[in-house]
Amino acid sequence: MRRPLICGSLLFSAYQGDHKVNHSDVSSAAAVVIGASGQDGYFLTERLLDEQWKVHAIVRRPEALAGLLATDKGQALLKIHVVDLSAPQPLFDLMARELPLEIYNLSGQSSVSGSFEEPLLYWLVNANFVASLLECLRCQSPGSRLYQASSTDMFGMSRDGIEVYNENSALNPQSPYASAKAAAHLLCRSYREVYGLRIASGMLSNHESHRRPESFLSRKVVGHVLNLMSCSAGELSEQQPLMMGNLKIERDWGFAPDYVEGICRILRQIEVRAGQTGEAQADIGANYRDYVLGTGKTHAVWELVDCAFTIGGFELDWELEGENPTAWRGYFRSTGRSAVLVDPHLLRTAEPLVIRVDPSRARKEVCWAHREGLEVFLRDMFTGLGPAASASES
């Protein structure tokens, strides 16, 4: 019997039966990228176009994809759709109409610090929207594969002494952002197990590039150093120090294009694993797995800052002693003037000091490879955001 199914504020007409999935009822060359104007979304859209996919890009800022749309492949294969995820019915209509083989949900609010200021917004976009997306997948396009962007922030602070997290580690989120991501992650797992949908989540560590928005720490640091690089000797003495949060915090940072490669491998894991082992598995939800992506090495925030200043031509000396994070600071080696200070207003009480992960499963099973070191993405940011890049865009 066909009856209406209420999904939040959305109304779908759906079969209520035995939930069998018809995987053959898809458009084999079509993909939907939700959040295509973000860092990962841009790199992914570019990659899919190179692979000759017809790409439906779901964005808030269509101008972010102007460069891709202007290419021959973009003009032939890229369709841009401006959709407000608080009213996502146009996206769901598109999914029902196109029946894409691949769907990548890279959307959402992604600033951990921002989630403390607007927790409800983060929950609505990062959790509620995913619940509606999953219902649309189940009811309207069950043959599609779905990638969900999860985060290693979901692991939070260890409650049982575990120092390195993997795919089997318990989730203990410490921020509204991480809590919403954890809820979405667990719901995706449930839809895979209960309804047999082909869903895979990537639990990604921090990954950066010149396409990072200005609200992110790496972009803030590089922007500050680029400003210093543009100053004369006289102007340098008048510049204010870089104000930071806790310099002790350690995170696993990588290079965004490497992680987009991992995202594709995660969603196409059945084929990738078959290529590795020579043993093909059935392409069903029960054989899909979630993967942790990270370099396996952590760096403190102060190390990232120090590396950025060094790339910019400024050597720093540091005071890094004591339990009080506000006492940590950096100085210009040449002048002794303060270069980096801690702003107490930027400190958060519920913040994991270290999040260290084990990406060995992704390396082994889907052959994911990555570059290591802060310089890899920092140099990309300096090149992509510096004066030469600005001049080439004007």
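The values are calculated or read from the model by the stated rules, or taken from the named source; none is laboratory data. Source: prediction; values computed, not measured. Here the Cβ positions follow ideal geometry from the backbone for every residue, glycine too, while neighbour counts run over all protein chains shown. SASA here: full protein model, heavy atoms, side chains in, ligands and nucleic acids out. Shrake-Rupley method; radii C 1.70, N 1.55, O 1.52, S 1.80 Å.
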**Study point:** FRET efficiency for Leu353 and Arg268, using Cβ-Cβ distance with R0 set to 25 Å, rounded to 0.05
**Key:** 0.10
**Study point:** Helical mean residue ellipticity (222 nm; -39500 (n - 2.57) per DSSP H run of 4+; nearest 500) of the chain
**Key:** -11000 deg cm²/dmol
Exercise for review: Give me the net charge of Glu315's neighbourhood, meaning all other residues with Cβ under 10 Å from the Cβ of Glu315; Lys, Arg count +1, Asp, Glu -1.
Suggested key: -1
Practice item. Take the chain, connect every pair of alpha-carbon atoms lying under 10 Å apart with a spring to form a Gaussian network, then pick out the residue of Ser232, Ser141, Ser132 with the largest mean-square fluctuation. Key: Ser232
Review point. So which residue, out of Lys364, Lys297, Lys54, gets the largest mean-square fluctuation from a GNM of the chain using Cα contacts under 10 Å as springs?
Key: Lys364
Review point. Among Gly275, Gly234, Gly336, whose mean-square fluctuation peaks in a Gaussian network model of the chain (Cα, cutoff 10 Å)?
Key: Gly234
**Study point:** Å² per residue, accessible surface of the chain at 1.4 Å
**Key:** 45
Revision key, fill the gap. SASA check, Asp283, accessible area w/ 1.4 Å probe, all protein chains in place, rounded to nearest 10 Å², comes out at 50
Check your understanding: Which log10 I(q)/I(0) values, to two decimals, does region 33-128 give at q = 0.14, 0.20 Å⁻¹ under the Debye formula with one point per Cα?
Key -> -0.53, -0.98
Exercise for review: Please compute the net charge surrounding Lys79, taking Lys and Arg as +1 and Asp and Glu as -1 over other residues with Cβ under 13 Å from its Cβ.
Suggested key: +2
Revision key, fill the gap. Taking Lys and Arg as +1 and Asp and Glu as -1, residues besides Arg337 with C-beta under 15 Å from its C-beta add up to -3
**Study point:** 0 to 90° range, to nearest 10: angle between helix 256-267 axis and the chain longest Cα axis
**Key:** 20
Review point. Going from most exposed to least, what order do Met229, Met95 have by accessible area with a 1.4 Å probe?
Key: Met229, Met95
